[in-house]
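Notes to accompany the following structure.
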Amino acid sequence: MTDATAEQSVTDDDRPEPYSGLPGAFPYAFRASDSLLFKAYVPVALLLSAAITLVFSFGLITQLAETGRVRGGTFTFSRSFFLFVGLLLVAPLLAPVLSVARRHRRTVSSVSYDRAIALAAFLFIGSIYLALLTSAPAALREPTQSAVVGFFYSLSPIAGVVPPLLATLLMYLTHRLLK
């Protein structure tokens with residue numbers, strides 16, 4: 001065995017096994033990261049992404065059943081928009097896992113990067129809750145003594161897009177600054 005081959009086998013053995021695609025990125029990122037906060041985020045992201053995907057899939061099936069006999073136009077657009085909104089919710093949940101996995105595979109990553117990206121991702125999950133509070137229909141809102149919940153109920157339903165957008169921007173800026 002030559003020295004170059006010996007060096008290559010040592011460096012290849014030190015790295016976790018590479019992953020292939022999205023399903024392999026979750027266990028790879030979990031094994032590769034030393035951040036406990038990020039390791040806590042990985043299963044949460046997996047379960048929440050699966051749940052959101054199921055909800056939007058069942059919603060799309062229901063929407064297709066209700067508008068199946070109608071030809072094109074607005075109904076086709078609403079179906080596409082429905083899928084687009086689902087993608088806008090799931091993509092920021094998956095992005096931190098993919099980012100950390102890619103970073104560990106290609107370069108040397110730091111615990112501070114993994115921790116910061118996980119914190120930003122958890123803030124995104126909280127922003128989804130705030131968006132749901134803001135956009136909840138009046139018939140589904142329960143009376144509350146909480147001033148914070150009352151404030152989000154008083155906002156216009158369209159304002160529900162602001163917290164996830166700000167959290168996604170924060171996640172992006174965290175990634176760019178710690179890159």
**OP:** Go over the candidates ALA91, ALA95 one by one and state the one that is without any contact (Cβ under 8 Å) to a residue 12 or more places away in the chain and within 21 Å of LEU165 (Cα to Cα).
**Re:** ALA91
Original post:
Which one of these is farther than 30 Å from HIS175 by Cα and either open to solvent by 50 Å² or more (accessible area, probe 1.4 Å) or assigned to a helix (DSSP H, G or I) (or both): PHE58, PHE38, PHE81?
Top reply: PHE58
Subject >> Which listed residue, of ARG71, ARG31, is free of Cβ contacts under 8 Å to residues at least 60 places away in the same chain and outside any helix (DSSP H, G or I) >> reply: ARG71
Subject >> Complete set of residues in the stretch 111-158 that are touching a residue at least 40 places away in the same chain (Cβ under 8 Å) and exposed (fewer than 15 other Cβ atoms within 10 Å of the Cβ) >> reply: VAL111, SER112, GLY126
**OP:** May I ask you to list the residues in the stretch 127-144 that are modelled with pLDDT of 90 or more and over 12 Å from LEU165 (Cα atoms)?
**Re:** TYR129, LEU132, LEU133, THR134, SER135
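The values are calculated or read from the model by the stated rules, or taken from the named source; none is laboratory data. No experiment lies behind these values; they were computed from the predicted model shown. As a convention, Cβ positions derive from the backbone with ideal geometry for all residues, glycine included, and neighbour counts pool all protein chains shown. Side chains are part of the model used for accessible areas, which takes the heavy atoms of the whole protein and leaves out ligands, DNA and RNA. Shrake-Rupley method; radii C 1.70, N 1.55, O 1.52, S 1.80 Å.
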